[in-house]
Structure formats: C-alpha cells, structure tokens
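Quick notes on the structure that follows.
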Ligand code: GLU
C-alpha cells in the first residue's frame, strides 16, 4: 500500500496535468484523454475528496485553434497563444465536466503573486470558498503577466505552492513518464523506477538530471523543485504517468503508482 499522507483535513489533493498529458506528441489536443480525466476527477470529487486541478495546455490549445503547425519560438507569441488557448481550454473542461454535474472555475495565478501576503490571503480565501461550494478550481499560470511558467514549465512548482497555500495533503503530478528513474529509461536498460523518495539526496538529484527526458516544458528537475516545496511543507507528492488518468483513483485507493516523495512531517 502506498503510504500517502492521510491525516486530518488532508482530504485535499492537488492534481497537476501538463501539456504532455493533454496533447499528442504532435501537439494536437487529446480530447479523449481529457474526457477520461474529467470522469476520474469527478468520481474522486464525488467520493468526498477536495480537488484542485492545475492544468497547463493553454499554448497547445491556442496553437491548435489557430491552426499552427508548430510551437512558436518567441515569448510574446506563446503568450498570445496562451491567451487564446486558455479560454478554449476552459470551454473543453466545462464540456467534459458538465455530464458529471461538476462545475469548474478558472483561477489564474502567478508564483510571484503568491509570495505577497495580501494576494496569498485573497487566493486562499477564493480557493477555500470554491472548495466549500463543491466547485473544481482549474488553475493555470497567468501567462500574460508572467513568462516564468512558459520558459521553465513552472506549473509543477505552482501546484506545490498552491498545495502549501491551501494545506493539501497530497499533490499528484501527471507526466509522460512513470516516475523518477535511476537513469534515463529510454537509453539505459538498467534504469529502475524509484518507488519512494524520503529525502532529496545528491543521488536522487543526480537521477533526476540523468532521467530528464519528459517531453513537457518542465522536466524532472522542476518536478524535484516542486517535491522539495511539498516535502518541507508536510505534503506528500507523487509523480505518475498521465497516459491513464485512472491512475489518480488508483493512488487514492492506496495502490502503489509512480514515485512517492514522502514528506518529512506527514503522519502515516
Ligand atoms: N501555462 C502554460 C500553458 O498553459 C504552460 C506552463 C507549463 O508548461 O508548466 O500552456
């Protein structure tokens, strides 16, 4: 059984999905997968978990909508695509959550904004109220005012920062890789999936550099930055493969999936 943090009010989970989960390798949006994701998240919500979804994908969806064949190089163009795509992304989520009677809310944040006391309180109050109302907040970085996410795939860190803000018990990062490997599994047949990480030792950090092969913007090193924030805040974090969104429900049933970053402070 995966020993995830299950204490007190920790029925709060943050799930982060990246562009690699939401789109095909050629950049086209994978609607079928989003539909499955909506099904699983609704089921989890109705089972009593409080959920926040951190979703990238705005640039990919914007590019698709405007018929662009490849991702633009320049930042302002990416920001423009994100502005177009964010509205469409929310439309897609609304469409797929609607059959499950699950209302969604768009929340755009920046990591910097969350460092400031008043903004933190405002964001926390809004998110807490949405959760009380049974609404699923769908968070993305506000790419118009912040380019950090676009450049570094910072939504992993944003997910961890939000989890800390609302005292979540668990963050699930869905990626295009099964978890953290000892080396790059696409190059090294000896590479082994690491089941549990208790501390971010130099060996673990080396593994992350060696297996930095995710197709998303972020890569494994950014995921470990997110893991550090979570572990220090007493929040468990799991990196798992998002190709089957059902993995979220399996994790919550206690099945061992992906790599668990066990927080120092969490109780078992
Ligand atoms: N916010 C950007 C988007 O929605 C991506 C950020 C990231 O990849 O983490 O496309």
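Values for this structure:
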item	result
Sequence ranges 32-43, 110-121, ranked by mean other-Cβ count within 10 angstrom, highest first	32-43, 110-121
Once the Cα gyration tensor of the stretch 143-184 is diagonalised, semi-axes √(5λ) in Å	21, 18, 7
Whole-angstrom Cα spans of the stretch 47-94 along principal axes, big to small	42, 18, 15
Cα shape, the stretch 1-132, gyration tensor, a/c 1.5 rule	oblate
Label point distance in nm, residue 108-residue 206, each placed 7 Å from Cα along Cα→Cβ	4.4
When the convex hull of its Cα atoms is projected in every direction, mean area for the stretch 126-237 (nm²)	7.8
Relative pair counts by distance (%), Cα atoms of the chain, 5 Å bins	1, 6, 14, 18, 20, 18, 13, 7, 2, 0, 0
Contour minus Cα-Cα distance for residue 129 and residue 31 (0.36 nm per residue)	32.3 nm
Per-residue Cβ neighbour rank within 10 angstrom, fewest leading, 148, 261	148, 261
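Taken together, the values in this text are just the output of simple stated rules run on the coordinates, not laboratory data. Remember, predicted model here, so these are calculated numbers, not experimental data. Glycine also receives a Cβ, built like all others from the backbone with ideal geometry; neighbour counts cover every protein chain displayed.
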